[in-house]
1. Which residues, counting only those in the stretch 29-63, are at negative phi and of a type in the set (Asp, Glu)?
2. Kindly evaluate GLU53 against the criterion of being touching a His at 6+ places or on another chain (Cβ under 7 Å) and closer than 21 Å to HIS2 by Cβ.
3. Identify the residue in the stretch 29-47 that is farther than 18 Å from HIS66 by Cβ and out of contact with any strand residue (DSSP E or B) (no Cβ under 8 Å at 6 or more places or on another chain) and, among all such residues, is least open to solvent (accessible area, probe 1.4 Å).
4. Being out of contact with any strand residue (DSSP E or B) (no Cβ under 6 Å at 6 or more places or on another chain) and under 20 Å from GLU53 (Cβ atoms) is the filter here, so list the residues in the stretch 5-15 that pass it.
5. Starting from the stretch 4-33, keep only residues that are closer than 19 Å to VAL63 by Cβ, then list their pairs with residues that are outside any strand (DSSP E or B) and of a type in the set (A, V, I, L, M) whose Cβ atoms are within a distance under 9 Å, requiring at least 6 positions of separation or different chains.
6. So LYS52 fits all but one of (1) in contact with a Lys or Arg (Cβ under 7 Å, 6 or more places away or on another chain); (2) loosely packed, with under 14 Cβ neighbours inside 10 Å; what number is the exception?
7. Looking only at the stretch 9-24, decide whether some residue is out of contact with any helix residue (DSSP H, G or I) (no Cβ under 9 Å at 6 or more places or on another chain), surrounded by 12 or more Cβ atoms within 10 Å (Cβ to Cβ), farther than 19 Å from THR78 by Cβ and of a type in the set (Lys, Arg).
Amino acid sequence: MHVELDAIAKEWLQSKGKPVSVKTVQVNACCAPPIQDFITHLGKPKDLHNYKEIKVDNLSIFVEKHLSSNEKMTLKLTGMGIFKTITAKF
């Protein structure tokens, strides 16, 4: 898997000093089809056996194993001030 990470996102992650984890979440509603989205959070996942670690420079990115079969993932920094976070797109 190739991980695209712009300079701003890379700098922000390095300043935090923690790895980033990417996983899927599925939302089921009674009147609509299920929606699948991606969630990122800072830190190692608790269930490491379900994740694949990808190294980009000196950053660790943990991706759920079923997602790691995708060819490319893009990580971007979004938000403002203390509400900044990393988002993932495949």
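1. ASP37, ASP47, GLU53
2. Answer is no for this residue.
3. Selected residue: ALA32.
4. Step one: of the stretch 5-15, the residues out of contact with any strand residue (DSSP E or B) (no Cβ under 6 Å at 6 or more places or on another chain) are 6-7, 10-11, 14-15.
Across the stretch 5-15, the qualifying residues are LYS10, GLN14.
5. LEU5/LEU13; PRO19/LEU13; VAL20/LEU13; VAL22/LEU67; LYS23/LEU67; THR24/LEU67
6. Result: LYS52 passes all but (2).
7. Looking for residues that are out of contact with any helix residue (DSSP H, G or I) (no Cβ under 9 Å at 6 or more places or on another chain), surrounded by 12 or more Cβ atoms within 10 Å (Cβ to Cβ), farther than 19 Å from THR78 by Cβ and of a type in the set (Lys, Arg), one finds none in the stretch 9-24, hence no.
The values are calculated or read from the model by the stated rules, or taken from the named source; none is laboratory data. Quick caveat, the model's predicted, so the values are computed rather than measured. In this analysis, Cβ positions are derived from the backbone assuming ideal geometry, glycine residues included, and neighbour counts consider all displayed protein chains. The accessibility values were calculated without ligands, DNA or RNA, using every heavy atom of the protein model including side chains. Shrake-Rupley method; radii C 1.70, N 1.55, O 1.52, S 1.80 Å.
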